[in-house]
Amino acid sequence: MSRKIMINVAWPYANGPRHIGHVAGFGVPSDIFARYHRLAGNDVLMVSGTDEHGTPITVQAEKEGVTPQELVDRYNEVIGDDLYKLGLSYDLFTRTTTRNHYRVTQDLFRILYAKGYILKKFAPGAFSRNGRTLPDRYIEGTCPLCGYGEARGDQCDNCGKQLDPQDLINPRSKIDGEPPVFRDSEHFFLDLTAFVDPLKRWIETQHHWRTNVRNFSLNLLENLQPRPITRDLEWGIPIPLPDYEHLPDKKIYVWFDAVIGYLSASVEWAAQTGDPEAWRTWWQNPDALHYYFMGKDNIVFHALIWPSMLIGYGNGMAGSLGGGSAEPLNIPHDIVSSEFLTMEGRKFSSSRGVVIYVKDVLARYDADALRYFLAIAGPESQDTDFTWAEFLRRNNDELVASWGNLVNRVLTIAHKNYGAVPQPGELNAADLALLATMEGGFAAVGAQLEAANFKAAVGATMRLADAANRYISDQEPWRLVKSDPPRGRTVLYTALRAVDCLKILFAPVLPFSSQRLHELLGYEGSLSGTLGFKQVTEEEGRSHRVLTGDYSRRVGRWEAPQLPIGRKLSEPQPLFKKLDEGIVEEELARLEAHT
């Protein structure tokens with residue numbers, strides 16, 4: 001029975017291109033999950049977009065001599081292009097500067113304010129010496145609770161406690177290194193203390209979450225305080241209250257509006273389908289399961305703050321979303337958070353040049369090679385180091401020498417001798433055992449993907465490829481096609497069936513090479529659907545580009561295919577490129593040149 005699977009992917013910030021550490025957390029894992037569930041026949045909605053408000057945008061815009069709007073327009077395209085080339089199969093990848101997002105954000109603000117969950121009070125605000133508001137995350141100092149020297153103004157990544165910038169010992173601005181100036185300013189706060197008990201009861205029952213995510217979230221509850229949701233800014237969404245909506249320098253804070261993007265993107269998607277109410281089947285249907293993908297620095301927003309907002313929205317008060325009524329909105333089913341990816345033993349830092357941008361990797365290497373590395377060796381449950389030596393090894397020893405070599409050996413012999421899928425004789429025990437192993441792989445690998453255990457899923461699939469390789473080595477079809485033609489046809493038929501199964505099993509992780517193999521095996525159509533851009537027109541002549549896809553015509557299914565006997569095979573081509581060992585030295589030299 002088909003299930004509704006909502007995949008909400010953390011919004012990349014539009015102040016620059018994204019590096020591979022970013023897509024290791026929000027990008028590749030979410031796409032593997034989406035592709036698997038579509039193949040399994042489930043109804044998937046995967047949304048995200050670029051996060052485009054806040055002080056860091058204005059800071060970067062000033063550095064580049066452009067307006068904030070010009071800056072986010074450019075990086076929305078840069079980021080969208082990268083995600084497209086990486087094969088991330090969004091149903092909608094949009095942005096937070098749309099009129100639709102403004103409306104949905106302001107509606108949630110009004111409802112939460114009317115219900116008393118948003119408080120107004122004076123509080124110290126942090127400013128740089130030139131008068132610009134400093135976001136909490138742009139202030140660092142020593143944690144007063146554990147002594148960690150690089151705690152942020154909103155929380156300490158070492159002990160996990162929620163902080164305020166003025167709590168830090170020796171606070172400093174990440175922009176200019178100077179101590180911030182604190183002065184009182186009137187702001188609105190989300191009263192998180194009102195949600196501690198329901199949050200605790202909910203999180204304690206989420207035993208399917210990754211242990212580190214669940215424990216971290218419960219730990220954060222111990223110090224939960226009201227959190228400011230407005231800032232003294234010129235670039236942001238206006239506060240939708242009569243005395244504030246026309247103030248030029250007081251706006252809704254970026255973290256508050258960014259998480260609402262999951263809902264606003266769903267509303268935008270529904271409008272584009274021609275059924276403006278379709279978002280309700282995802283957000284007001286209790287059977288729809290919501291999964292959130294991000295790096296661990298975003299756990300607090302997705303496990304505590306966004307659920308509080310959703311719980312607070314509740315029911316009984318209508319807004320622009322609700323029409324005649326405001327039904328409850330679904331809270332997360334799972335928070336799929338990854339740990340951090342480091343690079344050659346160092347923390348990623350764009351400002352220090354310790355970075356590998358997605359666009360640069362994809363300019364030199366295949367997308368599937370990067371996707372495979374991030375799936376099999378990424379920071380799924382613990383911090384992981386990206387090294388070029390390990391990237392080379394994984395590509396050459398696993399993708400090329402194991403899976404790619406299996407495909408090349410089988411297709412080359414079959415194409416050379418028959419040009420088509422051969423007619424087999426009676427299958428013996430070895431043949432039947434291999435096919436049974438492949439068919440059993442769909443349940444075993446699928447169970448790991450269902451649980452978001454991507455590393456285990458890829459490892460299990462590669463072991464199935466190893467089993468097929470052993471079968472080929474044991475049966476020696478290159479000899480049998482001459483010495484025992486009927487047996488040779490049977491072995492190659494069995495091997496082609498195994499390769500066809502593995503094509504599907506690898507497809508969520510390796511969509512590009514799986515599609516090529518699909519075509520080499522004589523199939524037509526797209527395994528997983530098509531991905532592309534389109535222009536969306538808003539009111540007043542505004543328009544914006546979105547990344548979207550058509551997955552309704554996909555031909556892939558999460559089951560063992562029945563490869564037709566006699567189907568013509570295309571001339572084999574290598575699925576993967578073997579990398580020269582010299583790339584390690586070249587890439588390390590590039591890194592050193594920029595640090």
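The values are calculated or read from the model by the stated rules, or taken from the named source; none is laboratory data. These numbers were taken from a predicted model, which means no experiment stands behind them. Counting neighbours? That spans all protein chains shown, and the Cβs are built from the backbone with ideal geometry, glycine included. Surface accessibility is based on the protein's heavy atoms, side chains included, excluding ligands, DNA and RNA. Shrake-Rupley method; radii C 1.70, N 1.55, O 1.52, S 1.80 Å.
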| Which of K121/K250; K4/K296; K63/K250 have a Cα-Cα distance over 19 Å? | K4/K296; K63/K250
| message | Within the chain, which whole H helices from DSSP have a Cα span along their axis of at least 24 Å and a mean Kyte-Doolittle hydropathy of 1.0 or more, if any? | response | none
| said: Taking the solvent-accessible surface of protein heavy atoms with a 1.4 Å probe, what is the per residue accessible area of the chain in Å²? | reply: 39
| Candidates per trypsin sites (Lys or Arg not before Pro) in the stretch 551-595, loop by DSSP, up to 11 other Cβ within 10 Å | R553
| remark: Summing -39500 (n - 2.57) over every DSSP H run of at least 4 residues in the chain and dividing by its residue count gives a helix-only mean residue ellipticity at 222 nm, to the nearest 500 deg cm²/dmol, of -12500 deg cm²/dmol
| message | Counting other C-beta atoms within 10 Å, and keeping those with at most 12, which DSSP coil GluC sites (Glu not before Pro) do you find in the stretch 162-230? | response | E222
| task | Determine the sum of side-chain charges near I565: Lys and Arg each +1, Asp and Glu each -1, restricted to other residues whose C-beta is under 13 angstrom from that of I565. | result | +3
| request: Name the cysteines of the chain that stand alone by the Cβ rule: no other cysteine Cβ under 4.7 angstrom. | output: C501
| said: If I stretch the segment between V555 and D249 completely, what's the gain in nm (0.36 nm per residue apart, minus their alpha carbon distance), one decimal? | reply: 104.9 nm
| task | Name all residues of the stretch 414-447 having a backbone nitrogen under 11 Å from the label point set 7 Å from the Cα of S483 along its Cα→Cβ direction, giving them as ranges. | result | none
| Rounded to whole Å and sorted largest first, what semi-axes of the equivalent ellipsoid does the C-alpha gyration tensor of the stretch 449-540 yield via the square root of 5 times each eigenvalue? | 37, 18, 7
| Taking only C-alpha pairs under 8 Å that are 6+ residues apart, what is the relative contact order of the chain in percent? | 17
| remark: Net charge near I413 (other residues with Cβ under 12 Å of its Cβ; Lys, Arg +1; Asp, Glu -1) is +4
| note | Counting sequence-distant residues (5 or more places) and residues on other chains, those with an amide H built under 5 Å from that of M343 are F348, F386
| remark: Hydrodynamic calc, the chain: Kirkwood Rh from Cα pairs, then Stokes-Einstein at 4 °C with viscosity 1.567 mPa s, so D in µm² s⁻¹ is 50
| message | Within the chain, what whole-number % of the accessible surface is contributed by carbon and sulfur, with the 1.4 Å probe and all protein chains included in the calculation? | response | 49
| message | Bin width 10 Å, origin at 0, all Cα-Cα pairs of the stretch 192-326: what percent of pairs per bin? | response | 10, 33, 37, 18, 1
